[in-house]
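To keep things clear, I will list the structure first and then write my remarks on it.
Please treat every number below as a calculation from the coordinates, not as lab data. Since the structure is predicted, the reported quantities are computational estimates derived from the model, not experimental observations. We place every Cβ from the backbone using ideal geometry, glycine too, and count neighbours over all the protein chains shown.
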Amino acid sequence: MNWDVIVSYLPLYKDGLLITLYTGWFGILISIVLGLVTALIVHFKVPVLKTIAKIYIEILRNTPLLIQLFFIYYGIPKLFGIVTDELTCGIVGLGLLGGAYMAETFRSGIEAVDHIILPQAVTYSVPAFVANLIFLLKETSVFSCISILELMFTAKDRIAVSSTTVESLFLVVVFYLIVLLPVSIIGSVVERRLRYASFGN
C-alpha cells in the first residue's frame, strides 16, 4: 500500500465525505418526516390514505434504490418533464426509500405499547431506527450511478484514473467507518438511556 498516494487522495475523499453527509442527512430528514406521517396514517387506518401508504411502503421496500434513482433521474423527466439535478435526485430518492423503512419502524414502536405513550414507543423504535440510519447512509454509495461525487464515486474515479485500487478502497472503507461508527455508538448509548428511563433496567 502506497501511503503517499493515500495522503494525496485525502482532500478528494474529504470532499466526497461532505457530499455523502449532505445528501445522506437531508435524505434521512425527509425519511423521518415521511415515515412518521405514513406510520400514523397506517396506525389510525385513515380511509384511502392507508391503502396508498401501504402500497408506497411495499413498492419502495421491495425495489432497489438504484432502480428508484434511475426512475427519478431519467424516467420522471421523460414522463412529466420535471428535471432534477443529481443532488436533488439523490436526496429525494433516499428520502422516499427511507420513509418506507421508517414508517414500519415507527408503526412497530407505536403498536408495541398498549396505549400510545410516546417515551415507550420511542424506546421500542430506537434499535430499528438506528439500523435504518446506518442502512440509508450506506445506500448513498449507490449515488455514484447518477454521477454524484460522493465517497464511492471518488473511489471508482481514482481506480479508473490511477489504477490505485487498494489505496482507493482502503480510503473509502475508512471514511465510511468515520461516518457510521459514531451513529452506531451514539444509537447504542441513547437506546440504553431510554430503556433505563422508561423501564428502569
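General remarks:
- Radius, Kirkwood style, for the stretch 1-42 when every pair of distinct Cα atoms is counted (Å): 12.7 Å
- Note on the chain: with charges restricted to the Cβ of Lys and Arg (+1) and Asp and Glu (-1), its dipole about the Cα centre is near 500 debye.
- Kyte-Doolittle at least -0.5, axis length at least 20 Å by Cα - qualifying DSSP helices, the chain: 3-43, 86-111, 118-139, 165-199
- Calculated over the stretch 27-141: convex hull of Cα atoms, volume per residue (Å³): 98 Å³
- Based on Cα atoms of the stretch 3-199, Rg over Rh with Rh as the Kirkwood radius reads 1.04.
- The chain, relative contact order in percent, only Cα pairs under 8 angstrom and at least six apart counted: 29 percent
- As a rough guide to protection, the peptides 31-38, 72-79 ranked by mean Cβ packing within 10 Å, highest first, stand as 31-38, 72-79.
- Scaled radius of gyration (Cα, divided by 2.2 N^0.38 Å) that the stretch 137-201 gives: 1.61
- In the chain, the DSSP-assigned H stretches of four residues or longer account for a calculated mean residue ellipticity at 222 nm of -27500 deg cm²/dmol, using -39500 (n - 2.57) per stretch and the full residue count as denominator.
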